[in-house]
Ligand SMILES: NC(=O)c1ccc[n+]([C@@H]2O[C@H](COP(=O)([O-])OP(=O)(O)OC[C@H]3O[C@@H](n4cnc5c(N)ncnc54)[C@H](OP(=O)(O)O)[C@@H]3O)[C@@H](O)[C@H]2O)c1
């Protein structure tokens, strides 16, 4: 896939995985539009892209809360009016609120659904009729391993990421005949501000299990895997060999994953990873 001169809209593009994808796409000649809430962080990211890019590249920023359907639709319209309907939409905006299920309040469930799941839906639905009419486009939804395994301590986050997975599966099938490609990414723990917050707040059991089994990746490595996956027109993108093996293992284990999770949690409770 040639990214040169393509228009890319990246939610969560001011930080972490979204920003790393933005840098790579900009370096490959795309016009990159970053969407997030904090204008100051967006401006820092934009200055960096502009300083590194060619004068012909038209990057931009849009302050928007993707949880609000009107703001999300306005963001798509703004990009379209400025540089054209996006060729690439990367939904990386996300939050994580871990905790024991009995300690999670309903706001945590609602907010993660609104940002992690509906945030992607709002942006995609706003662009969808245009993408189908044009007969091209690439949508990348950044999910999580918590979107294919029910990880202890992530009841509310998992709900939002499983929802994103279900929606993306259907989207893939329905948009394929129209020439619009869909991808879903399952990053492992990635060294970003979100992970720093996650580590401070997640239950000790899952922290011990993840600490033992999961190798933290850089956002740059995850972004490279995303671009490679897009170039190969993959639907499932699992950055790193560990993540790929883990994804296939969970699928192969089927219902056996549950007693294994119980065993790992029991060990972690005894203070062992
Ligand atoms: N880091 C990991 O270990 C990891 C692992 C698996 C999956 N993921 C997923 O990867 C994605 C990116 O995470 P990250 O680690 O790169 O996080 P990050 O560094 O914290 O970046 C999150 C981005 O999302 C934006 N954002 C958050 N809420 C938003 C909202 N309501 N509307 C618009 N933008 C919003 C943030 O900007 P503002 O706050 O300014 O809005 C920021 O740009 C998320 O979907 C996350 O769930 C991360």
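Quick one: is residue 119 crowded, with 23+ Cβ neighbours inside 10 Å and assigned to a helix (DSSP H, G or I)?
yes
Where residues in region 129-155 are surrounded by fewer than 20 Cβ atoms within 10 Å (Cβ to Cβ) and more than 22 Å from residue 268 (Cα to Cα), which of them is farthest from the ligand (Cβ to nearest atom)?
Among those that are surrounded by fewer than 20 Cβ atoms within 10 Å (Cβ to Cβ) and more than 22 Å from residue 268 (Cα to Cα), it is 135.
Give the residues of region 192-201 that are touching a residue at least 12 places away in the same chain (Cβ under 8 Å) and over 15 Å from residue 142 (Cβ atoms), sorted by residue number.
Hits for region 192-201 are 197, 201.
Looking at 164, 175, which one is crowded, with 21+ Cβ neighbours inside 10 Å and at pLDDT 95 or above?
Going through 164, 175 in turn, just one is crowded, with 21+ Cβ neighbours inside 10 Å and at pLDDT 95 or above: 164.
In region 24-45, how many are in contact with a strand residue (DSSP E or B) (Cβ under 9 Å, 6 or more places away or on another chain), surrounded by fewer than 21 Cβ atoms within 10 Å (Cβ to Cβ) and either under 20 Å from residue 82 (Cβ atoms) or free of Cβ contacts under 8 Å to residues at least 24 places away in the same chain (or both)?
3
Tell me, which residue of region 37-76 that is away from the ligand (no atom under 16 Å from the Cβ) and part of a helix (DSSP H, G or I) is nearest to residue 131 (Cα to Cα)?
50
Return the only residue of 127, 146, 156 being part of a helix (DSSP H, G or I), touching a residue at least 24 places away in the same chain (Cβ under 8 Å) and within 30 Å of residue 256 (Cα to Cα).
Result of the check over 127, 146, 156: 156.
I'm trying to understand the selection: among the residues of region 109-125, which are over 21 Å from residue 74 (Cα atoms) and within 14 Å of the ligand (Cβ to nearest atom)?
110, 112
Surrounded by fewer than 21 Cβ atoms within 10 Å (Cβ to Cβ), out of contact with any strand residue (DSSP E or B) (no Cβ under 9 Å at 6 or more places or on another chain) and not in a strand (DSSP E or B) - does that describe any residue in region 6-23?
No; the residues of region 6-23 include none that is surrounded by fewer than 21 Cβ atoms within 10 Å (Cβ to Cβ), out of contact with any strand residue (DSSP E or B) (no Cβ under 9 Å at 6 or more places or on another chain) and not in a strand (DSSP E or B).
Does at least one position in region 81-100 carry a residue that is assigned to a helix (DSSP H, G or I) and in contact with a helix residue (DSSP H, G or I) (Cβ under 6 Å, 6 or more places away or on another chain)?
Within region 81-100 (the criterion being assigned to a helix (DSSP H, G or I) and in contact with a helix residue (DSSP H, G or I) (Cβ under 6 Å, 6 or more places away or on another chain)), the answer is no, since none of the residues qualifies.
Counting residues that are more than 28 Å from residue 167 (Cβ to Cβ), which helices (runs of 4 or more DSSP H) fully inside region 182-271 reach at least 1?
Of the helices (runs of 4 or more DSSP H) lying wholly inside region 182-271, those with at least 1 residues that are more than 28 Å from residue 167 (Cβ to Cβ) span 193-201, 204-213, 257-269.
The values are calculated or read from the model by the stated rules, or taken from the named source; none is laboratory data. Model, not experiment: these values are computed from the prediction. Cβ atoms come from the backbone with ideal geometry, glycine included; neighbour counts cover every protein chain shown.
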